[in-house]
1. What number goes with the only condition from (1) touching a helix residue (DSSP H, G or I) at 6+ places or on another chain (Cβ under 7 Å); (2) under 17 Å from residue 267 (Cβ atoms); (3) part of a helix (DSSP H, G or I) that residue 82 does not pass?
2. Go through segment 148-178 and give me each residue that's over 18 Å from residue 194 (Cβ atoms), out of contact with any helix residue (DSSP H, G or I) (no Cβ under 6 Å at 6 or more places or on another chain) and not in a loop (DSSP other than H, G, I, E, B).
3. Look at residue 115 and say whether it is in contact with a helix residue (DSSP H, G or I) (Cβ under 7 Å, 6 or more places away or on another chain) and more than 30 Å from residue 90 (Cβ to Cβ).
4. Please enumerate the residues belonging to segment 188-218 that are touching a strand residue (DSSP E or B) at 6+ places or on another chain (Cβ under 8 Å), in contact (Cβ under 8 Å) with a residue 60 or more places away in the chain, outside any loop (DSSP other than H, G, I, E, B) and crowded, with 17+ Cβ neighbours inside 10 Å.
5. Please go through segment 43-75 and give me each residue that is part of a helix (DSSP H, G or I) and surrounded by 20 or more Cβ atoms within 10 Å (Cβ to Cβ), ordered by number.
6. Residue by residue through segment 136-150, note down the ones that are exposed (fewer than 11 other Cβ atoms within 10 Å of the Cβ) and under 15 Å from residue 210 (Cβ atoms).
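We did not get these values from a lab; they are worked out from the coordinates using the rules stated. Remember, it's a predicted structure, so these values are computed and weren't measured experimentally. Neighbour counts run over all protein chains shown; Cβ positions are idealised from the backbone, glycine included.
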């Protein structure tokens, strides 16, 4: 295993690499997460693939610049990492925000993507593939109000990382979702504040990401993807039927695609709760590519 921080020219990206002689598999985490989420997934891949993990800009131990939180420049960060590692092409596996970034990479630089696994990027907030059902005018009002709320809300501070972990343990523990992987993600997410306290990295960048996310049209991206695509939808009880309908319409745009329904998969935490079932679904897909 090799850990290092790579200078992409615009931002320093923290990476962890499990070198191998076979094809590269690059894992991209969800918003508010970091590379630690893949800890129990890596063993399923590291014997057969060259595994690369990274913290997206604004997350974990990577830099947190003021700008660049549209998925297109974030995908360029990933390409810069690949180039510096000497990786021409890779299988891309993304969760939530990571799926959006991977989708952007595969659509805008098709040669780089051997395959694309999206556990996320399966519907938009608005537009033709969006969940919003009211008028466009009301949607824009909703966007404005949401962004203003995120911009002005106070960021919670913690006296220590342990205090942050304890709060998360209580919140996730009430659902039976807390384990040592969750704890590792929370600890890696902690960012030092100027007053000696700690904040969550996601709280610092959520508004910067969402100001772009409301305008995404994933259909325009999927229509340009050339590699095989695997979609892994949320199957946890209570999922919105409209999400499935939109995913099916996006799936119709994919030239070479497959949908796998992992039983009771929890988006985006399945990788941290039941890593074996998700990993086996992806490995089966990769073997067929």
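1. (2)
2. Selection gives 148, 149, 152, 162, 166, 167, 169, 170, 171, 173.
3. On the way: in contact with a helix residue (DSSP H, G or I) (Cβ under 7 Å, 6 or more places away or on another chain): yes; more than 30 Å from residue 90 (Cβ to Cβ): no.
So residue 115 fails the test.
4. Applying the first criterion (touching a strand residue (DSSP E or B) at 6+ places or on another chain (Cβ under 8 Å)) to segment 188-218 yields 189-193, 197-201, 204, 216-218.
Okay, now just the ones that are also in contact (Cβ under 8 Å) with a residue 60 or more places away in the chain, so 189, 191, 200-201, 204, 216-218.
Right, trim to outside any loop (DSSP other than H, G, I, E, B) and you get 189, 191, 200-201, 204, 218.
Hits for segment 188-218 are 189, 191, 200, 201, 218.
5. Within segment 43-75, the subset part of a helix (DSSP H, G or I) is 43-45, 71-75.
Those that are part of a helix (DSSP H, G or I) and surrounded by 20 or more Cβ atoms within 10 Å (Cβ to Cβ): 45, 71, 74, 75.
6. Across segment 136-150, the qualifying residues are 145, 149.
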